[in-house]
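What follows is a single structure, written as structure tokens, with notes after it.
The values are calculated or read from the model by the stated rules, or taken from the named source; none is laboratory data. Keep in mind it's a predicted model, so treat the numbers as computed, not measured. Cβ sites come from the backbone with ideal geometry, for glycine too, and all protein chains shown count toward neighbours. Accessible surface areas use protein heavy atoms only, side chains included; no ligands, DNA or RNA. Shrake-Rupley method; radii C 1.70, N 1.55, O 1.52, S 1.80 Å.
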Amino acid sequence: MTEFELWSTVVIFGPLLASVVALSARPALLRAGLVLGSLSTLVGSAGLWRAVALYGPGRHPLGGWGQPLGIELWIDGFGVAMLAVTALVGALTSLYANSYFGDLSELSVRDSPAGRGARFFAPLWLLLWTALNGIYLSADLFNLYVTLEILGLSAAAIVTLAVSRQATVAGMRYLLVSLIGSLLYLLGVALLYVQYGTLSLEGLAAIGPSGPIPAIALAAMTVGMAAKTALFPFHAWLPPAHAGAPAPGSAILSALVVKGSFFILVRLWFSVYGGGSPEGLILLGVLGSGAILWGSILALRQVSLKRLIAYSTVAQLGYLFVMFPLLIPEPRLWNADAWTGGLLLAISHALAKAAMFLAAGNMSYAVAEDRLTSISGVAHRLPMSFFAFGVGGLSLAGLPPSAGFVGKWLLLRSAFETAHWTWIAVIAVGGLLTIAYVLKVLRYALDRDEAPEDFRPVPRRMEWAAALLALAAMALGVRALELVELLLVGGPFPW
Amino acid sequence: MNPVDLYMLAGIVITLIALYAALTRAHLFWKVLAINLMGTGVFLILLAAPSRRTPEIADPLPQAMVLTGIVVAVAATALALGIALRVIARSGLPFLPDGDEEDQGSGGSAGEASR
């Protein structure tokens, strides 16, 4: 058994097994599941990182059956980087969730709505984690479909763990969008199979899909994935769903789940279609720019803390699509700065956004409300959460030395090199708007006049989880070189 | 037109009609039904695919895919109906409210009043 085979098995079966363990109604087993899931993905992704750094991209034919008959896993730098950030965010969010739901874990309250959250969050989240890890290692179109559906179903279920009517409605809408998006993707898969008779990403990349049917297939898959990634103008479902979920759920949905469908889009457009069409890339870049501007403006106008952070996700996802046209400035040429910059932004957004949602969760946990006015003065009671929110927000805005800064700098450099001035303007304006809405929250939290009266103490672990994520987002900027090297293993065209 | 192409065309037409219904029908039950039908349309395309490429050999791969797809559809339908029942229990209506409910401080009560 090679290192690739060992660790890719651990990274997928660890959280799956943990999810089954966590289905048990015993609090001890719930915790054991979260620990098992976190440890297996942390160790597994570290092992895969080492293997990819030593040997380059690798593969794992499951059960010894390779493609085209069997299912193969494919391990390259992009996939491992996403696995690793998922493992870090996931482990800290699991730690947070353990305390967040912890005071409810006398499962005699199982039938109450709050008890349902405590009972079902862990198994659903571990199942979601399995699906994400599966996506990042998939080597064929149909395996991607199955993991995508597991991801969508468990994510929608997590939204409806919150009791309010709005969260239920948001979860329903999220599920419908997610199912339609998956079926559009499957439609594309079917059309590609009609044309070429293979599902293997590598096989399709070798053929180099072109012509009307593959173009329609790419369009259908892109619309489906864009809807699931909440790319402007398909973003309307995201803010109520991400803001409505319980705090650790919000962090997972905003930081990790949307990256799953983004990952598939990158694989399709670059690895399989070799860049697609230049017009299509520019269209995605324009929609991304629209997301940056419109999402930021709406974030500025929100009166609720979690809504503001959710709209910020819409805006930050826009940056990931500005990468598309910059990556292929001319046919048959790819820009390494755009590749590493765009993906570093995806990774730093995962860390920063999870920190912000967890910190916001701490603030509204303390004052039992989510309005911006109700958190006034909370900074003096929860300095560590305030720090986590601030550092996460500054990393999002791209202030040095954060990972967001390195990512934006690389993206800007690639735009300068190819003289794409429009994208430069969008990236810069988006950064200013980000600072504006982060400062809006900080200003409320720092307000000294109104110290909150009804103040529930926040468990230390919840504060630590948020602060560690924010620190990771900052520290990643200092150690970005290792990550850049990892992302270049395989690059956008691994085959 | 040979029968295989007809299957394929029917699959595409069913998928598109069902997609239209899923987007435009307001009732949640219709939406769930439409999504199921959309899946059926895609399955039809998948099943017709191998006969179009290699008419003389049976290809088991699309059948395996459709079987998996049906399992996924059952799970998705169960979850969707479960959440739909909860929407009905919370809001009294089997519809999703129009647009995004802005929670301008007043939370659910404003949305409730407008229904």
(message) Looking at (1) over 19 Å from the mean Cα position of the chain (by Cα); (2) farther than 22 Å from A:L298 by Cβ, which one does A:A425 not meet, given that it meets all the others?
(response) (2)
(message) For the structure I just gave you, tell me whether A:A247 is touching a strand residue (DSSP E or B) at 6+ places or on another chain (Cβ under 8 Å) and of a type in the set (A, V, I, L, M).
(response) no
(request) For the range A:161-209, name all the residues that are more than 10 Å from chain B (Cβ to nearest Cβ), over 17 Å from B:A73 (Cβ atoms) and either free of Cβ contacts under 8 Å to residues at least 60 places away in the same chain or in a helix (DSSP H, G or I) (or both). (result) A:L201, A:E202, A:G203, A:L204, A:A205, A:A206, A:I207
(request) Could you pull out the residue among A:A336, A:A247 that is small (G, A, S), modelled with pLDDT under 95 and open to solvent by 10 Å² or more (accessible area, probe 1.4 Å)? (result) A:A336
(request) Please enumerate the residues belonging to the range A:299-345 that are free of Cβ contacts under 8 Å to residues at least 60 places away in the same chain and in contact with a Pro (Cβ under 8 Å, 6 or more places away or on another chain). (result) A:I328, A:P331
(message) Against the definition (open to solvent by 70 Å² or more (accessible area, probe 1.4 Å) and either closer than 28 Å to A:V303 by Cβ or among the β-branched types (V, I, T) (or both)), how does A:R443 come out, yes or no?
(response) yes
(message) For the range B:67-96, which positions are loosely packed, with under 13 Cβ neighbours inside 10 Å and not in a helix (DSSP H, G or I)?
(response) B:G92
(request) Could you tell me whether the range B:67-82 includes any residue that is farther than 20 Å from B:L33 by Cα and at the interface with another protein chain (Cβ under 8 Å from one of its Cβ atoms)? (result) no
(message) Any residue that is in contact with a Gly (Cβ under 9 Å, 6 or more places away or on another chain), within 13 Å of chain B (Cβ to nearest Cβ) and surrounded by 18 or more Cβ atoms within 10 Å (Cβ to Cβ) - is there at least one of those in the range A:210-218?
(response) yes
(request) Being more than 10 Å from the chain's Cα centre (by Cα), open to solvent by less than 20 Å² (accessible area, probe 1.4 Å) and in contact (Cβ under 8 Å) with a residue 40 or more places away in the chain is the filter; apply it to the range B:17-48 and report the residue that is nearest to A:R173 (Cα to Cα). (result) B:L28
